Amino acid sequence: MFPRHTLISLVILQLWTNWIASALEQQTFFPSAVPLAVRTPTSNCWLNTTNGSNPMTTWPTFWNDQHILGWAGYIKVDGLTYRWLGAPGPGNSSTWIETQVTPTQTILTVQAGPMQLNVTFLSPIEPSDWGRQSFPFSYVYLDGTATDGKPHSVQLYSDISGEWVTNSPSTGIQWSTTKTSNTVFHQVGSTKPTSVFEDVAEDSVAYYAISSGYPDLVSIVGTDQGLRAQFATQGEGFTLTSDLAGQIGNVRGSDGKFPVLAHAMDLGNTTSITLIAWAVGVARDPIVTFSGVLRRAYYWSQYATIGDAIDAFMVDFPKARTRALALDQKILQDARAISQNYADLVSLSARQAMAGFEITLSTFPNGSFDFSDVKAFMKDVGNSQRVNPVEVIYAALPAYMYLDPNITGALLDPLLEYQNSSNYTNTYAAPDLGGPFPTAPGDPTNLNAVYGIEDSGNMLILVLAHARSTGDRTLIGKYYNLLKQWADYLVSNALIPGNQYSADARDGILVQSHANLTNLALKGIIGIQAMAEVSQIMGQGADAQDYMASATSLMQSWVNLASISGHLRWTYDESTSGLMYNLLADKLLQLNLVPASVYTAESMTLSDNQVQGPFGFPLSSDNTSAARSDWTLFSAAAAPDNTTRDLLITAVRNHASSNLTGGIFPTLYDVQTGLVQAAPNTFASPAQGAMFSVLALNVANQTIVVPASSTTRGASPAGSNGSKAKSHTGAIVGGVIAGIAALLLFGVVVIFLNRRARKDRNANDEFEAPRPYQNPVTEHDGTAVGPQPSRTFGSSIPSSKTILITQGKFSPGPLPATSQPASAHQLSSSGRRSSLSRVTDDLRSEVERLRQEFQQLRADQSIPLDAPPGYQ
């Protein structure tokens with residue numbers, strides 16, 4: 001008998017499964033490419049379905065739709081082999097039935113002889129758990145049943161190639177296989193990894209994993225022609241033999257064969273297949289260099305080795321699937337309240353938006369993680385190598401507001417930190433952190449003055465959106481003077497932009513020859529009003545009144561200049577029209593700055609537009625071919641009526657569902673033909689988070705508070721009159737906390753020394769990369785280990801839990817025959833120290849963190865008399 005709570009869980013899971021199945025039956029969406037394993041800018045695999053091509057005959061590709069990622073899957077039924085993933089090879093192609101897309105999953109339904117399979121590619125979206133969200137792995141799992149109801153002999157096989165980690169077939173690669181208590185995984189990486197790359201990251205390592213408990217499991221590395229042919233031709237059973245010698249070679253050997261990393265199993269005679277799962281991932285370590293500091297992915301703070309992380313990921317699969325089904329249900333239910341067309345767009349864009357960035361941590365000199373320093377770094381996928389492009393973050397804002405608004409803060413934090421330093425002296429906001437990714441040196445050049453209004457307006461809007469949707473005012477408190485500087489710049493420049501460009505000029509296609517774009521001026525004026533709200537939040541009443549007066553006056557002037565016969569001009573001096581997509585910022589932030597007549601005029605302008613094409617409206621009437629899906633959805637969400645909203649949504653959905661045109665859900669395309677301009681430009685951009693624009697309108701504002709540890713530069717919080725009065729409750733709680741602290745400190749000492757005394761694990765660790773560090777904390781049940789993200793940015797109070805790491809090294813040469821696990825006292829970059837000295841220093845750090853945490857807890861108990869009023 002199952003426990004009662006287990007039965008309840010199974011019932012809930014079945015209900016979710018039935019709901020998803022019912023939802024999928026209603027879909028008629030046919031995008032030109034569908035996401036398979038899409039987690040980060042470098043772990044980003046898609047399947048091309050252009051021109052209605054059979055996905056059973058196509059190799060998956062990297063996001064640029066040019067670089068093949070070798071990934072094959074086969075099923076053998078009663079001795080006959082069928083392919084469920086990959087281009088033609090041994091055996092028969094399965095009969096493709098349909099492809100369905102949800103926000104977290106892509107499901108290929110195929111017929112393989114008497115077996116009907118659902119091949120599901122699940123890229124988890126874990127917004128509430130940054131450890132899981134930062135882990136660059138995806139699942140592929142199979143379930144199916146015999147359509148004739150009879151048992152059949154079934155064997156399964158799947159592999160990946162070294163193409164996942166290199167840009168050239170002649171590149172040298174090395175591979176190995178590792179067993180853990182629950183998992184078997186292969187890994188492959190370049191023999192000469194380099195952090196300089198444009199497309200596939202050649203400093204990465206690809207992994208292919210499977211749970212070790214499957215029957216008759218065979219995990220082996222061989223050539224594509226050798227292993228696949230063996231599996232396909234050996235009748236009902238199989239015994240796979242490697243035709244490779246050693247653990248090093250080229251992506252494609254001189255004989256034309258590719259080394260592949262395979263897992264296969266024999267399910268015996270069965271009428272059904274139940275959730276057979278593999279995991280694939282591409283990991284890099286470190287992630288990015290910012291301000292000269294190497295930063296690591298957040299998940300490394302929770303696991304000692306990559307093996308521990310993979311093990312936990314595989315063990316967590318049933319729960320991860322349940323969470324994904326629940327998230328799909330929530331998103332699709334909200335989106336279908338708008339329309340099915342809108343639900344299709346949200347489904348296709350969700351993984352793309354969430355894969356555009358990496359969540360990182362810095363480390364202390366002793367190797368421990370600094371949990372007060374959480375920063376996210378976005379690559380300008382589909383456009384350039386720029387890091388944290390401001391206009392792309394602005395476009396993706398709706399997705400982050402809906403899924404996890406703290407992501408916006410993590411992306412803004414490094415931008416603000418850099419521009420608040422002496423390295424940046426311009427009076428307007430920077431467009432990015434420079435590049436090329438994964439290096440973020442900053443962008444101090446004054447050549448970006450032509451984007452001064454664009455970037456300054458974006459930053460003010462983004463900062464306020466983050467504070468409103470999270471209730472956290474740390475960023476606006478810490479960088480108030482910097483924000484004020486940008487607002488002052490806008491007061492002087494926003495109304496008459498002159499020859500400044502909007503973000504669209506960065507595509508190299510939409511550069512306008514004329515000046516004074518009204519949509520750009522609108523963004524600048526809204527940015528000023530956003531600063532008025534920021535000042536109000538910070539208790540700076542005089543500043544708030546000044547910026548509000550400026551914004552109101554400038555808005556009235558803008559209305560007079562931009563309006564003509566009940567319509568809106570695209571420029572002040574011409575009778576052109578366009579998508580005033582920046583209206584969304586006024587609506588999203590509930591600023592109520594823009595008169596209702598402006599929204600009505602924009603709706604009339606669109607309804608009278610004579611240049612609408614089969615796939616929507618061009619961005620402006622002076623370039624009748626170029627359409628932008630992100631800005632079109634901004635305009636849809638800002639529309640004053642559902643008719644205009646749905647017209648814009650349907651146009652973008654029609655393009656997204658037109659698989660006669662290629663591309664990985666591009667943002668820029670020809671409105672008449674649907675063709676992508678300058679491919680692969682704008683492919684797979686996280687800017688498609690704009691598809692969540694309508695849903696973001698329903699994100700509730702939070703009461704804005706400031707953590708006790710944050711500081712304000714140039715502003716004093718309202719109510720901060722110097723009073724030192726404390727509540728009696730705070731004093732009592734503080735005394736209790738002090739007593740508990742003593743016990744916990746003692747416990748920390750005992751636990752810490754026990755950790756230090758443990759022997760290192762996992763001797764079977766010949767090639768465990770990327771792994772320049774170790775962290776001795778792990779669990780194998782999928783439960784998050786270690787602190788979760790500090791949802792406060794710029795705070796000086798770290799988490800009370802410190803996780804210690806030691807340094808190791810990725811060997812760029814051939815794999816040694818044997819290797820020993822890294823020592824617990826391995827040398828750091830600062831030189832060798834004794835074990836006792838390391839323990840003493842690390843323990844001191846642990847105790848100091850805990851002491852600071854209790855100080856914060858005590859401070860939190862006494863804030864009612866000192867804190868500013870909650871902002872509504």
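Computed from the coordinates by the stated procedures, all read-outs in this text should not be read as laboratory data. If you're wondering where the values come from, they're calculated on a predicted model, not measured in any experiment. Note that each Cβ is placed from the backbone with ideal geometry, even for glycine, and that neighbours are counted across all protein chains shown.
So here's what we get for this one:
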{"item": "Phi-based couplings in Hz for the stretch 387-399 (Karplus 6.51, -1.76, 1.60; Gly and Pro marked x)", "result": "9, 6, x, 5, 5, 6, 4, 4, 5, 7, 3, x, 5"}
{"item": "For Ser339, net neighbour charge (Lys/Arg +1, Asp/Glu -1) across residues whose Cβ lies under 10 Å away", "result": "+1"}
{"item": "Net dipole in debye of the stretch 4-325 [+1 Lys, Arg Cβ; -1 Asp, Glu Cβ; about Cα centre; nearest 20]", "result": "420 debye"}
{"item": "Summed residue charge, Cβ within 11 Å of Gly268's Cβ, Lys/Arg positive, Asp/Glu negative", "result": "-3"}
{"item": "Dipole of the stretch 4-325 [Lys/Arg +1, Asp/Glu -1 at C-beta], most positive-end residue of Phe62, Thr104, Gly249", "result": "Thr104"}
{"item": "Calculated Rg and Dmax of the stretch 4-325 using C-alpha coordinates, Å", "result": "19.1, 63"}
{"item": "For the stretch 527-602 versus the stretch 47-91, the gap between their alpha-carbon centres in whole angstrom", "result": "51 Å"}
{"item": "Other-chain or far-sequence residues with amide H under 5 Å of Gly172's (modelled H)", "result": "Thr191"}
{"item": "Residue pairs, from the table Lys484/Lys523; Lys330/Lys523; Lys478/Lys587; Lys76/Lys257, whose Cα atoms sit over 20 Å apart", "result": "Lys330/Lys523; Lys478/Lys587; Lys76/Lys257"}
{"item": "Isotropically averaged projected area of the stretch 77-161, using the convex hull of Cα atoms (one quarter of hull area), nm²", "result": "7.0 nm²"}
{"item": "Loop trypsin sites (Lys or Arg not before Pro), the stretch 193-280, which have at most 10 other Cβ atoms in a 10 Å radius of their Cβ (DSSP)", "result": "none"}
{"item": "Separation in nanometres of the label points that stand 7 Å from Cα toward Cβ, at Asn654 and Lys192", "result": "5.2 nm"}
{"item": "Point-charge dipole on Cβ atoms (K/R +1, D/E -1) for the stretch 439-552, about Cα centre, debye to 20", "result": "160 debye"}
{"item": "Rounded to the nearest 20 debye, dipole of the stretch 366-503 from Cβ charges on Lys, Arg, Asp, Glu", "result": "160 debye"}
